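The values are calculated or read from the model by the stated rules, or taken from the named source; none is laboratory data. Only a predicted model underlies this, so the values are computations on that prediction, with no experimental measurement involved. Here the Cβ positions follow ideal geometry from the backbone for every residue, glycine too, while neighbour counts run over all protein chains shown. Note: areas computed on protein heavy atoms with side chains; ligands, DNA, RNA excluded. Shrake-Rupley method; radii C 1.70, N 1.55, O 1.52, S 1.80 Å.
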Amino acid sequence: MPVTSSAPSQHRRMAAPHVGGGRSVILVMVCSLVMLVVMADTVAATIAMGVLAAPPVPEVVLPGELAHKLGVGGLPWLATSFLVPFAAFLCFAGQLADRLGHRFVLGAGAALFTAATAGMLAAPTWLVLLSGRAAQAGGAALMVPASLGLLVSRLPAARRHVGIGWWTGAGGLGAVLLQGGGGALADALGWRALFGPGLLLAAMLVCLTVLLPPDGQRAGWLPDAVGACLLAIGIGALVMLICQGPSWGWTSTRILAAAFVAALGLCGALLRSRAHPRPAVPIMLWRQGSIRWGWLMSGAYGLLSAPILTFGPSYLVAANLGGWRASYLLAPISVAVLLAGPLTGAAVRRWGDSALAYGGAWTVIAAGTVLSWALPAQNGLAALAALAGLGLGLGVLSTVAAAAGSRTEFPDQMAAASAASMTMRQSGMALGVAGAAVLVKHPFLDGQAAGYHSALGVCLVVAGWCGMAAVARPLWHAWTDRPRAPASAGDRPAAAVHAKVPREALTQLHHSLIEVARAAESWMAQHERSRVSASSATPPVPVPLKPSALADGAGLSPPMVATGSIARRCTCHPRLDPLEATLLHAAPALTRERQSVLAPVPAPAPSP
């Protein structure tokens with residue numbers, strides 16, 4: 001339900017004030033803790049998959065007959081059951097944060113994540129364990145876009161990229177902690193203990209949310225929960241189709257039904273997003289070039305990173321480098337991601353998104369090529385260097401995609417843009433894990449560890465696409481912004497001249513138009529009161545007034561024009577320009593006589 005008010009000022013949301021000094025440090029630390037918790041839990045699930053693959057004693061939570069009949073009997077579903085709802089509800093949660101407040105939503109997500117993790121530690125069966133993972137995804141979906149929205153809206157522009165870099169790098173720190181100590185923890189206490197650090201950190205996060213900046217007054221429509229559910233159904237059915245296609249048969253009834261459900265869910269979510277004011281998929285943001293670039297990079301990053309991080313331990317096992325202890329060897333990836341995040345955030349302002357994305361993509365390709373040679377050759381030093389290179393390239397691509405995908409001009413849409421970027425990333429991760437699971441069982445290459453080499457080869461192809469896209473983007477901008485030759489006098493009027501206007505001037509003009517609309521609304525109210533007080537039984541014939549009438553004895557005083565910060569967007573009409581929204585709010589209250597005053601003054605006839 002929308003929240004409305006008779007006061008025009010409540011239809012506009014002011015930009016949140018920036019924080020500086022020590023408060024900005026606390027803000028970055030608390031928001032970065034969100035990524036640390038989520039990434040630590042993700043790595044814990046990855047290590048748990050390796051432990052459950054060969055448990056020392058019979059484990060009650062291993063997939064049973066019912067799980068196999070439902071198509072969720074594979075161990076990769078321990079990761080997929082988290083990724084699918086996480087991807088589907090990120091946009092819903094991001095817009096919920098815009099509506100209810102970033103701090104409130106972040107705290108609620110941390111509480112839900114804590115309760116779900118505690119339930120997982122006591123899960124008696126495989127299906128209950130997967131349900132707990134799905135509930136964890138709901139809590140993570142609430143926390144991640146709210147934390148990124150806080151960084152984007154509350155940090156000054158000069159510190160924003162650095163803050164996002166630390167936010168991204170904190171995920172690498174969480175992975176390092178679990179990869180460094182998770183093996184010993186699982187060996188001593190079992191696989192359930194892997195989720196213990198995430199439980200403690202999430203509980204601590206619940207307590208630390210009180211240190212975040214308070215939420216301001218919020219208004220607008222609630223997000224589309226039905227569209228989010230349709231999106232979850234569509235992504236889940238698509239993942240089921242990819243995972244079970246080889247075993248069920250690509251032409252079987254169950255696969256065709258999964259394809260139909262996937263198409264129905266995805267198309268239904270997109271169709272609802274076209275009409276809903278707070279859609280599950282913010283299609284309108286797609287029109288902004290930088291956000292479109294960030295979303296595509298986020299999806300590609302998910303496709304190439306998830307198979308590497310999920311099947312990395314199993315890949316090392318196939319290379320005879322030890323059982324679940326192979327997770328220790330993945331620590332260089334997490335360390336490199338941890339270091340690359342803040343460095344990339346600081347370098348974006350100097351080098352730009354495209355140059356860094358190009359360098360990160362080629363770093364991934366070079367490191368992956370070296371790794372595919374070093375592991376079969378048992379060259380440990382080269383393998384460690386290649387793993388560190390993979391982490392460096394992935395850290396660069398992750399930071400670039402997160403920064404570009406949340407770069408919107410409207411403060412009240414920052415969390416939604418961030419959530420949409422994360423939705424693309426997590427959707428790519430879910431599809432990447434499903435595709436890699438199929439390639440591991442049905443490789444297109446030959447030799448030792450052919451399935452893992454096939455999956456790695458596809459990941460490197462996706463990294464190559466990222467590099468080509470990074471090159472094509474500035475070339476496209478150079479082509480569209482190229483100076484064009486002036487047309488002849490017969491093709492266009494002589495007065496039509498193309499000129500570049502500075503962005504600052506356009507911003508000032510935009511604000512001035514908003515102030516003019518507010519002044520006009522105030523003037524119309526004064527005119528109405530003056531007309532009613534002086535009216536007789538016969539209504540006067542409305543006459544269009546010229547601006548000079550304000551200075552005449554018409555009984556009207558010039559309205560006060562507001563100054564200072566002006567909202568850039570209407571909360572209940574997010575698709576409209578602020579000037580259009582202001583006029584729309586004023587239009588229903590105008591009578592026919594008042595609307596006639598808005599008639600344009602006819603231009604004087606040209607002199608012969």
Next on the checklist: Tell me which trypsin sites (Lys or Arg not before Pro) from the stretch 197-282 have a DSSP coil assignment and no more than 16 other beta carbons within 10 Å of their own.
Outcome noted: Arg218
Item to check | Accessible area of the stretch 191-320 divided out per residue, in Å², using a probe of 1.4 angstrom | outcome: 43
Checklist outcome for this item: Length gained, Ala525-Val471, 0.36 nm per residue minus C-alpha separation, equals 14.0 nm
Checklist entry - How do Trp465, Trp250, Trp126 rank by accessible surface area computed with a 1.4 Å probe, from largest to smallest? => result Trp250, Trp465, Trp126
Checklist entry - Taking the inverse of the average 1/r across all pairs of different Cα atoms in the stretch 288-398, what Kirkwood radius in Å do you get? => result 14.5
Checklist outcome for this item: Carbon and sulfur atoms account, in whole percent of the 1.4 Å probe accessible area of the stretch 131-230, for 74
Checklist entry - With labels modelled as points extended 7 Å from the Cα through the Cβ direction, what inter-label distance (nm, one decimal) is found for Met204 paired with Asp187? => result 2.5
Item to check | Additional length obtainable on full extension of the chain from Leu445 to Ala385, 0.36 nm per residue less Cα span | outcome: 19.1 nm
Item to check | Average Cα contact separation per residue, the stretch 177-319, under 8 Å, 6 or more apart, as relative contact order % | outcome: 19
Item to check | Label zone at His68, where the point sits 7 Å out along the Cα-to-Cβ direction: the stretch 242-277 residues whose backbone N lies under 17 Å | outcome: 244-249
Item to check | Computed E for Phe260/Ala158 - FRET, C-beta separation, R0 51 angstrom, nearest 0.05 | outcome: 0.50
Checklist entry - To the nearest Å, what is the center-to-center distance of the stretch 23-37 and the stretch 213-288, using C-alpha atoms only? => result 30
